[in-house]
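Following: one structure in structure tokens, then a few remarks.
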Amino acid sequence: MWVLDALVTDGLISGDPAVRARLDEWSLQALELGPELPTLLGTRGAVLVELGRYEAGKTLLAPLAAANQARPYDSLMSQAFLARAERALGNEAAARQFANAAHTIAEAISATPRVMAMLARHETEMQPVRLR
């Protein structure tokens, strides 16, 4: 289950379209092996957001983001993908709050350059569309 989670997490961080098609299957398999594990619930929620199922992803991620005992990396990922979900659902203020929280955690834990690149990619996606 942890190997599956690592594959999914790598796919989420990289944004690799070749892996994207497998994220749903892999995250479901991992969650079947550890249905109560917060990390796997968070990974599944992030996959749902990545696949455009924003409400379903938000349902899994919101309790994890609010948990005081979440591991910092899990919290970072939950906050980052909640920001994407809220943005897609039109909740700009909530999206900004989650994105800021993700950046704060990333700085506090000295996140890897790949994670910082993912956050930057998400930030670009969250920029308002400007009409010319």
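Here, each number is a calculation from the coordinates, and none is a lab measurement. These numbers were taken from a predicted model, which means no experiment stands behind them. When we count neighbours, we look across all protein chains shown, and the Cβ atoms used for this are built from the backbone with ideal geometry, even at glycine.
The residues of the stretch 59-73 include none that are in a helix (DSSP H, G or I) and among the charged types (D, E, K, R).
Give the residues of the stretch 1-36 that are among the acidic types (Asp, Glu) and within 12 Å of LEU51 (Cβ to Cβ), sorted by residue number. Scanning the stretch 1-36 gives ASP24, GLU25. Whether any residue in the stretch 74-96 is aromatic (Phe, Trp, Tyr), more than 20 Å from HIS122 (Cβ to Cβ) and assigned to a helix (DSSP H, G or I) is what I want to check. For the stretch 74-96, residues aromatic (Phe, Trp, Tyr), more than 20 Å from HIS122 (Cβ to Cβ) and assigned to a helix (DSSP H, G or I): absent. Residues that are surrounded by fewer than 22 Cβ atoms within 10 Å (Cβ to Cβ), of a type outside the set (Ser, Thr, Tyr) and over 21 Å from THR9 (Cβ atoms) do occur in the stretch 97-105, at least one of them.
Considering the stretch 9-30, and only residues there that are under 18 Å from SER78 (Cβ atoms) and touching an Asp or Glu at 6+ places or on another chain (Cβ under 9 Å), the residue that is surrounded by the most Cβ atoms within 10 Å (Cβ to Cβ) turns out to be SER27.
The residue that is surrounded by the most Cβ atoms within 10 Å (Cβ to Cβ), counting only those in the stretch 31-52 that are in contact with a helix residue (DSSP H, G or I) (Cβ under 6 Å, 6 or more places away or on another chain) and either more than 21 Å from ALA88 (Cα to Cα) or among the polar types (S, T, N, Q) (or both), is THR43.
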